[in-house]
Amino acid sequence: MVTAHSAPLRKIDPADEQALLDMIDKWIEREVRPVVKDFDHADEWPAELVGQMAELGLFGATVGQEYGGLGLPATTYAKIVMKISAVWMSITGVFNSHLMLALAIEKFGTDRQKDKWLPPLASGELRGGLALTEPDAGTDLQGLRMVARRDGDGYIINGTKTWITNGIHGSVFAMLVKTDPDAEPRHKGMSLFIADKREGFTVSRKLEKLGYKSIDTAELVFDNYRIGADQLIGEIEGQGFYQATGGLELGRINIAARGTGIAEGALQLGLEYAKIRKTFGKPIAEHQAIQLKLAEMATRARAARLLTLDAAEKFDSGERSDLEAGMAKYFASEAALENSIESMRIHGAYGYSKEYDVERLYRDAPLTCVAEGPNEMQRIIIARQLVKRSEEQ
């Protein structure tokens, strides 16, 4: 069995972290906030912002410095995602899925694979994501049907992947398929490939969404797609399920950070509006009904932040963090949903208008409840891990 090489725990000097976060703040206020409505309402790919994210190093945020990345710990990465998501959650998806691809290669790939793929991924020269979901298999990865059949020194793959982030503008993906369809248990027959765009790999359509605009979510079709055996991550078959799920803890921490950002952004918008909107001769922030909403929103946002950072710290320690990541993802995403709705109510009819930012948060929030495993599944994972850990004590 291929296992991940032990990596040194990543740390960052508090002063360096603050300088980085301050730089992100300035970029958000200067470049993102002024254009977010235009891009979101047009559902247009923000090419210039994506280029700026590459310059900021976000495509290599968690990639090791030896490969040209920033080598950030998950705690710092989560704080960056929170800040951006409070203004525009969609663009965090451009580098999150990309970083999960990079993590799979860095954690499980051969030295040759790391040297070849990680530097251009870290710089943003290559961008991509994960290709896991199929039309009839999402949360249940063991239900995948796509098969890679050995053919000489490579593999031939046919089938369809769907709901793939960065599918249109990305160029390479970590794609999970079956190399042994008859394996029992089923997960032992799955392998993860580094699938780059070439003959046999086409984008069939862009999927339209309620929110999460501007980022491309696509259906990918593989028709006699041939790939070399050297692009099988780790170069040993049957390890794909573990390799793919090995990055889901970081993915769930990212979704929790997105939820936290939305919850905090909705709180800030509601608070600002409540201070300037007047009824019966005084700001509505002085009315008890609005005060109760603000208090609940602030508490949810704070709890979401603390749960997310707790999960990130656990991840950074090198310990298993699926329980903590599941808790953070579940709570923070529900906090995003509740806070966006409450902020819209504080805004009244204006909250339903596309002229106000809160309607975007309201449309974006539901994604966090279903992405990286729906919250119903998160609760099952949390309960199972609680039982398992109690038995290990």
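All other residues whose Cβ lies under 11 angstrom from that of Arg149 are scored, Lys and Arg at +1 and Asp and Glu at -1, for a net of +1. Can you give the charge dipole size of the chain about its Cα centre, rounded to the nearest 20 debye, using +1 on the beta carbon of Lys and Arg and -1 on the beta carbon of Asp and Glu? Computed charge dipole of the chain: roughly 820 debye. The angle between the Cα long axis of helix 111-123 and the main principal axis of the chain comes to about 30°, on a 0 to 90 degree scale. Our helix-only sum for the chain, with -39,500 (n - 2.57) per DSSP H run of n ≥ 4 divided by its residues, gives a mean residue ellipticity at 222 nm of -17000 deg cm²/dmol. Defining a contact as two alpha carbons under 8 Å apart and six or more residues distant in sequence, what relative contact order in percent does the stretch 14-127 show? Relative contact order here is 30 percent. Name the residue farthest towards the positive end of the dipole of the chain from the options Asn339, Gly200, Thr133, assuming +1 on Cβ of Lys and Arg, -1 on Cβ of Asp and Glu, about the Cα centre. Checked the options; the winner is Asn339. Measuring nothing but how far apart in sequence close Cα pairs (under 8 Å, 6+ apart) lie, relative to its length, the chain scores a relative contact order of 16 percent. Among residues other than Glu208 with Cβ under 13 Å from its Cβ, the summed charge is +2 (Lys and Arg +1, Asp and Glu -1).
In plain terms, the residue of Asp140, Asp364 with the fewest other Cβ atoms within 10 Å comes first and the most crowded comes last, giving Asp140, Asp364. Each Lys and Arg Cβ is given +1 and each Asp and Glu Cβ -1; about its Cα centre, the stretch 24-138 then shows a dipole of about 380 debye. Averaging the Cα positions of each part gives two centres, and for the stretch 338-354 and the stretch 158-177 these lie 35 Å apart.
In plain terms, the residue of Ile253, Ile380, Ile80 with the fewest other Cβ atoms within 10 Å comes first and the most crowded comes last, giving Ile380, Ile80, Ile253.
Applying a threshold of 22 Å to the alpha-carbon distances of Lys83/Lys329; Lys83/Lys278; Lys11/Lys314; Lys26/Lys79; Lys107/Lys188 flags Lys83/Lys278 as lying beyond it. DSSP beta bridges fully contained in the chain are about 85 percent antiparallel.
Between the Cα long axis of helix 74-88 and the first principal axis of the chain there is an angle of about 60°, rounded to the nearest 10. What you get for the stretch 182-246, charging only the Cβ of Lys and Arg (+1) and of Asp and Glu (-1), is a dipole of about 360 debye around the Cα centre. Springs between Cα atoms under 10 Å define the GNM used for the chain, and in it the highest mean-square fluctuation of Lys206, Lys329, Lys282 occurs at Lys282. Relative to the longest principal axis of the chain, what angle (0 to 90°, nearest 10) does the C-alpha long axis of helix 358-370 take? Helix 358-370 sits roughly 40 degrees off the main axis of the chain. Between Gly167, Ala312, Ile284, the Cα set farthest toward the positive side of the dipole of the chain (charges on each charged residue's Cβ, about the Cα centre) is that of Ile284. Within the shell defined by Cβ-Cβ distances under 15 Å, the residues around Lys197 carry a net charge of -2, with Lys and Arg each +1 and Asp and Glu each -1.
Just so you know, all these numbers are worked out from the coordinates, no wet-lab data involved. All of these numbers come straight from a predicted model, not from anything done at the bench. As a convention, Cβ positions derive from the backbone with ideal geometry for all residues, glycine included, and neighbour counts pool all protein chains shown.
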